[in-house]
1. Just need the relative contact order of the chain here, percent rounded to a whole number, with Cα pairs under 8 Å and 6+ apart.
2. Which distance in nm do the two modelled labels at A56 and A32 give, with both placed 7 Å along the Cα-to-Cβ direction?
3. Which of these, A19, A54, A35, has the largest mean-square fluctuation under a Gaussian network model of the chain (Cα springs below 10 Å)?
4. Please provide three numbers in whole Å: the alpha-carbon extents of the chain along the principal axes, with the largest listed first.
5. Along region 24-31, what does the Karplus equation 6.51 cos²θ - 1.76 cosθ + 1.60 (θ = phi - 60°) give for ³J(HN,Hα), rounded to whole Hz, x for Gly and Pro?
6. Calculate one ³J(HN,Hα) per residue across region 97-104 by plugging θ = phi - 60° into the Karplus curve 6.51 cos²θ - 1.76 cosθ + 1.60, and present them in order as whole Hz with x for glycine and proline.
7. Using a Gaussian network model of the chain with C-alpha springs under 10 Å, which one of L39, L53, L27 is most mobile by mean-square fluctuation?
8. Using helices alone, I'd like the mean residue ellipticity at 222 nm for the chain: each DSSP H run of four-plus residues gives -39500 (n - 2.57), total over residue count, nearest 500.
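Since every read-out is calculated from the coordinates, none of them should be taken as a lab result. Fair warning: this is a prediction, and the values are worked out from it, not measured in the lab. For neighbour counting, all protein chains shown are included, and Cβ atoms are generated from backbone atoms with ideal geometry for every residue, glycine included.
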Amino acid sequence: MASQSKALAMAGVFMCMTAAMHVTAVLVSGLAFSAIFLLVIGLFYFVLGRGFLAGADHWAAATVGIMALGMAGAYAMKFMGLAVPNWWLTLIIWTDLLVAVSLILFLVRR
């Protein structure tokens, strides 16, 4: 039971980290309009991360899929020539991967 809650809490921490990276992408891009989409996603991720930190696990399985889509989307954005730097998108991909791995560990141990 303790390892389950630890994995979910780590997913919450990583989710809040990736949410912060999504939100601050607007600043890193120089307040570009193309980064506004990442701001909206980041706010949604904050809500999910806060829920995981509180122990709410009902979105855990769906969030693994959301993270997979997010990683694919960030990877695709690297080739679109948007204002968000590629190195920032790479960091977003890695933090999304940390969330997905933490949630998979949680779901496997459940």
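1. Numbers: 147 pairs, mean separation 44.9, N = 110.
Computed value for the chain: 41 percent relative contact order.
2. Label-label distance for A56 and A32, simple model: 3.3 nm.
3. A54
4. 45, 21, 18
5. 6, 4, 4, 6, 4, 7, x, 6
6. Along region 97-104, the couplings run 5, 4, 4, 4, 5, 4, 5, 5 Hz.
7. L27
8. Numbers: 4 runs with 87 residues, N = 110.
So the helix-based figure for the chain works out to -27500 deg cm²/dmol.
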